[in-house]
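Inspection log for the structure reproduced underneath, given as structure tokens.
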Amino acid sequence: MGKFKIGIVSVDEHTSFVQRNMAATIESLKALGCSEQNILVRHAPRLTNVAMVVQFFAEYTDVDAVVVLTERDDSAEYATMLYAVSKLQIMWNMPVVIGDC
């Protein structure tokens, strides 16, 4: 996995979840052999911005997969984000994990 690049989307409206899980996610990726310089972190202010950041990773970077650090909830915004990200995964053939590693 050392030559793979991973994108991480940090959702700012879930700051406490991100703070609790960012370091562990990066450490997990490094333990799997991903070098730290191949882990790219971008921020999305709200859940509604996640799809835009995932699309940025797909179009303008060479990441192999994306991790979206956000807390699961039952809101309409979360459902909309899941739908949009699912469409992007199919369009770009790029895996996206939602939650944490």
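The values are calculated or read from the model by the stated rules, or taken from the named source; none is laboratory data. Every value quoted in this text rests on a predicted model; they were computed, and no experiment measured them. Cβ placement follows ideal geometry from the backbone for every residue including glycine, while neighbour counts extend to all protein chains displayed. Heads up: the accessible areas ignore ligands, DNA and RNA and are worked out on the full protein's heavy atoms, side chains in. Shrake-Rupley method; radii C 1.70, N 1.55, O 1.52, S 1.80 Å.
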Hey, among the residues in the range 17-67 that are part of a strand (DSSP E or B) and touching a residue at least 60 places away in the same chain (Cβ under 8 Å), which one's farthest from residue 83 (Cα to Cα)? 65
Run down 67, 97 and say which single residue is under 21 Å from residue 16 (Cβ atoms) and in contact with a Cys (Cβ under 9 Å, 6 or more places away or on another chain). 67
Regarding residue 72, is this residue among the basic types (Lys, Arg) and touching a residue at least 24 places away in the same chain (Cβ under 8 Å)? yes
Of 36, 13, which residue is open to solvent by 70 Å² or more (accessible area, probe 1.4 Å) and within 17 Å of residue 71 (Cβ to Cβ)? 13
Among the residues of the range 56-75, how many are open to solvent by less than 70 Å² (accessible area, probe 1.4 Å) and modelled with pLDDT of 95 or more? 10
